[in-house]
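The values are calculated or read from the model by the stated rules, or taken from the named source; none is laboratory data. Fair warning: this is a prediction, and the values are worked out from it, not measured in the lab. Quick reminder, even Gly has a Cβ in these numbers, built from the backbone with ideal geometry, and neighbours come from all protein chains shown. With ligands, DNA and RNA removed, areas are computed over all heavy atoms of the protein, side chains included. Shrake-Rupley method; radii C 1.70, N 1.55, O 1.52, S 1.80 Å.
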Amino acid sequence: PGGVVLTTSTLIIDSTVADFLFPVPDQISITGDASFGDGVMVSTITANDYVFARVHIVAPLEMIIGETTVESDIESEAIEQDDIDAITDHVVEARFNYNVTSHLPLGTTVRILMGPDSTTLLSSPQLVIGPIAVNAAPTVAGIVSDTLSTGYQAIILDSLDIQVLKNDTLYITQEITLHSTNGQAVRLTNNDYYTVQGYFEVEYRFDGDF
C-alpha cells in the first residue's frame with residue numbers, strides 16, 4: 001500500500017565467509033538488484049517510492065575457553081566526607097542493589113572490588129561484593145541472540161562493610177571470571193558484552209545525635 005514502509009531481515013549462515021575475510025580486506029564492494037511486480041497486479045510507482053538494502057557481515061571468533069579471570073579498568077569515585085562519621089555510625093542496614101546483564105555465549109561470575117588504594121585494589125580490597133553469577137545468554141546458530149540478566153537483586157552489607165564510604169576517594173573495579181566452555185567451542189562477536197548496574201541503599205537510625 002502507498003505510504004507504508006515494509007522491512008524484512010534475512011539471516012544467511014555461510015561457513016565460507018571466514019575464508020573470504022582472511023586476510024582482512026581493506027574494502028568490500030557489495031552490489032545487488034531488486035525485482036518487483038508479478039506481471040498481473042497493477043500498481044503505481046511514485047517519486048517517493050524506493051527500495052533500500054543494508055548488508056551486515058558478522059564473522060564470529062570461535063574458540064574454546066578454559067576458566068579465565070579478567071579485570072575491568074579501575075575507576076574512582078570522590079566521596080564527600082563532611083559528617084561521614086555520623087552517617088556511617090548510624091547505619092542500621094545497607095544493601096547493594098545490582099543487575100548484571102550478559103550478552104555473552106558463556107556463563108560469568110563477577111566480583112566488585114572497592115578500596116582506598118588503586119595499587120592494592122586487586123590484591124587487598126577493603127570491600128568485596130559478590131560473587132554474582134549469570135548464565136550464558138541464549139544463542140542461535142552459536143551466536144548470542146538475546147541478553148540474559150539477573151534482574152535487580154540485593155546483597156546485604158553490615159556496619160563494617162559500609163565503612164568503605166569513609167575514603168575520600170574510592171577506587172572500584174570488576175573482576176570477571178569467564179566460565180569454562182568444557183571443551184565446546186563458542187562464538188564471540190564484537191556485539192557481545194556484559195554490564196553491571198548497581199547502587200547502595202542505606203537504612204539509618206535517627207536519634208538526637210544524628
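On the given criteria, is Thr69 more than 30 Å from Glu203 (Cα to Cα), among the polar types (S, T, N, Q) and in a strand (DSSP E or B)? In short, yes. Consider the range 40-88 and keep the residues that are closer than 30 Å to Pro116 by Cα and among the aliphatic types (A, V, I, L, M). The one that is modelled with the highest pLDDT is Ile74.
To keep it simple, each residue is scored yes or no on (1) in a loop (DSSP other than H, G, I, E, B); (2) open to solvent by 50 Å² or more (accessible area, probe 1.4 Å); (3) closer than 17 Å to Gln174 by Cα.
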residue: Val100; (1), (2), (3): no, no, yes
residue: Leu106; (1), (2), (3): yes, no, no
residue: Arg111; (1), (2), (3): no, yes, yes
residue: Asp117; (1), (2), (3): yes, yes, yes
residue: Ser124; (1), (2), (3): yes, yes, yes
residue: Gly130; (1), (2), (3): no, no, yes
residue: Asp146; (1), (2), (3): yes, yes, no
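With respect to the conditions (1) in a strand (DSSP E or B); (2) of a type in the set (A, V, I, L, M, F, W, C); (3) under 28 Å from Tyr204 (Cβ atoms), Ile162 falls short on a single one, namely (1). With Glu203, Glu175 as the choices, which residue is open to solvent by 40 Å² or more (accessible area, probe 1.4 Å), among the charged types (D, E, K, R) and touching an Asp or Glu at 6+ places or on another chain (Cβ under 6 Å)? When all the criteria are applied, what remains is Glu203. Among the conditions (1) in contact with a Leu (Cβ under 6 Å, 6 or more places away or on another chain); (2) at positive phi; (3) aliphatic (A, V, I, L, M), the only one that Ala141 does not satisfy is (1).
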